[in-house]
Each structure stands twice: as C-alpha cells, then as structure tokens.
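The values are calculated or read from the model by the stated rules, or taken from the named source; none is laboratory data. The structure displayed is predicted, hence computed values, not measured ones. Here the Cβ is made from the backbone with ideal geometry for all residues, glycine too, and neighbour counts use every protein chain on show.
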Amino acid sequence: MTSERQRRQPDWLHGADTPREFRLTVCARGDLDDALARIDGMSRGAVPLEQARPAPGVAVLMLETQAAAAWSLLQGLERELDDCDLCLLPADAPPSRLLICDMDMTIVAAETLDEVAARLGLGERIAAITDRAMRGEIDFDAALRERMAMLAGEPAAVFDAVAREVELNPGAPALVAGARAAGVYTVLVSGGFAPVAEAVGRRLGFDEVVCNPLDVAGGKLTGKVTDPIVNAARKAGLLRERAAVLGIDFAASCAIGDGANDLPMLEAAGLGIAYRGKPVLRAAADCRIDATDLSTALHFMQLGGQFT
C-alpha cells in the first residue's frame, strides 16, 4: 500500500542505534501464512523471537533489530502487503487504556452532513466542500459554517432520519465492545451534530460523546453553528484532557480517524490509527487500517483476540 505523501518518522526511530525489541502486528484480509512467508523473506534474517496468533488472520511477531532497520522493514512491508494491515511498535509500548474515535467515515460509513444535504437536494454542493475540508485544503470551521448556512430554514428532523439509517463501518461494534470489555474508556468525538452523534454513541455503547449542538428554532435549522466548534484543535485537546482526568499516560491513548481534522488528535495520541485515511492523515499515522476492518484496532491496541 503505497503512500501518497512522505511517511512521518516515528519518535522511536530517533535515539540510540542499539538493537531493541519490536512488536509487529499483522492483520491479514487474505492468507495469513502467505503474508508471513513474504514478511520472512523481506526481513532478511530478522527471525521472530516468538510468534503468537491471537485470532484468525492475526499474528504478532517479536523482532530484535535496530530502529532504522525496523523502520525500513515497515516501509517495505507497507508497499508490498496490500492485503494486510500492519502495526510496528517498540515491545515496551503499553496497551491502550483510552480510545477516542472520530465518527464520520470512521465509525460510520458516511459524512453525515452530506447525507442530510442529499435528502434536501443540496448533496453535490455540500459534499464538495466537505471533501476539501477533510483533505485539509480549506479551514474546517469556515467550511462547517458555510455548509450549515446553506441549510438554514430546512426541517431539523432530517438529522433524526439520518441518525436512524446511517450505516456503521465494518468492525465498529466489535471495536467498541472489545475496548470496553478490556476496561478502556471510549469517546466518540465528531465535528458533526448531536442528533446523529449521540444516537451512534448510544447504539455502540461509547462511554462519552462529544459533538456540536444543533441550532434549531421552531423545528427549523437556523443555519448557525454554536461555538466552540468541535474542530481539530478541540479533538486533540479532548484527548489530553481525558487522559489527564483519568490518570492515563498519553502513551496509553489511542485515536482513530480518517480526515485532516483528526491529524492533531492522532499526533497527540500514543497510538494514532488512520482508518481508510486521507493522504495527510495516512502520512502521519502510526499505523493504518485499509485492508481489514475496525476490529483490527483492538490488536494494534494490544487488547487481544478474545474480544473480536
């Protein structure tokens, strides 16, 4: 899976150049044994110290090598194994205890404001603005205000209809249920609006939902957006605040998202996962989920296969 942007180097790459132990988690969409054979060939003698298979299609390999060699191996594997999702971390990286997930195109299979607009005959105009904002080409706050202004005077009930019908992305229920079963505090955070985000949060059992309130008067949308907007900075700030309140080290936090407005949140987390991410996010994430589904994140978070 080639990257459209230069991959950001991980923090663990910088430091002493002595051999250390790494954990490589492999989640395969296809033949796991074939994938492991290809990994063995590309590792050029970096024989796993041990191998575990916590779930079907999942293997955890322990490698002892220099950081630069581990980084080079990961880049090569990402280019060649387009039927696998990979996560390479130092062996002493802690399991996640805090999980913060974006909603649109991450937990649910839609940009929900675009779905609202489509029902009102404004789909193409609003979707074009959404796409540019998610790619980081225009300011998120300005884009949100522009799109909501276009909906002024429309019935607010359309958000409730979208909330009832929006589809979850594959693996989302397993991800949230598995994280909660492992004692992880779960937060759904969205730059979208409360009628949808709160319904999705209840449906999946998130511990907390943070989103924008919907400004309504007489059952109609006012077209206004209430400050402060749940934007990139607020998402990252939320992760830091919840970690501090819960007494969780940032290294034990995980954030999952897809768009440019998730970038600061993923960079603040100990483990940042891009789920079918836009290029700017894929380049910065610690790992990516492209080939499999969201339940893969449980293995990247070191929560084991018993929850999937």
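Annotations
- Qualifying residue in the stretch 187-198 (condition: farther than 20 Å from Val162 by Cβ and of a type in the set (A, V, I, L, M, F, W, C)): yes
- The stretch 282-308: number of residues that are part of a helix (DSSP H, G or I) and at pLDDT 95 or above: 5
- Counted residues, the stretch 197-242 - those being among the basic types (Lys, Arg), farther than 14 Å from Thr186 by Cα and within 24 Å of the chain's Cα centre (by Cα): 1
- Residue count for the stretch 121-149, restricted to those that are in contact with a helix residue (DSSP H, G or I) (Cβ under 7 Å, 6 or more places away or on another chain), in contact (Cβ under 8 Å) with a residue 24 or more places away in the chain and buried (at least 16 other Cβ atoms within 10 Å of the Cβ): 6
- Elements of type helices (runs of 4 or more DSSP H) contained in the stretch 117-215, each with 3 or more residues being charged (D, E, K, R), under 25 Å from Leu263 (Cβ atoms) and in the same structural domain as Asn261 (by TED's automatic domain parsing): 140-149
- Residue match in the stretch 218-237 (condition: of a type in the set (Lys, Arg), surrounded by 22 or more Cβ atoms within 10 Å (Cβ to Cβ) and touching a Pro at 6+ places or on another chain (Cβ under 8 Å)): yes
- Residue among Leu73, Leu113 that alone is among the aliphatic types (A, V, I, L, M) and within 26 Å of Asp17 (Cβ to Cβ): Leu73
- Among all positions in the stretch 288-302, there is no residue which is hydrophobic (A, V, I, L, M, F, W, C) and farther than 15 Å from Asp85 by Cα.
- Every listed requirement among (1) surrounded by fewer than 19 Cβ atoms within 10 Å (Cβ to Cβ); (2) closer than 25 Å to Lys220 by Cβ is met by Ala174 save one, (2).
- Filter result (part of a helix (DSSP H, G or I) and within 16 Å of Asp207 (Cα to Cα)) within the stretch 236-259: Leu238, Leu239, Glu241, Arg242, Ala243, Val245, Leu246
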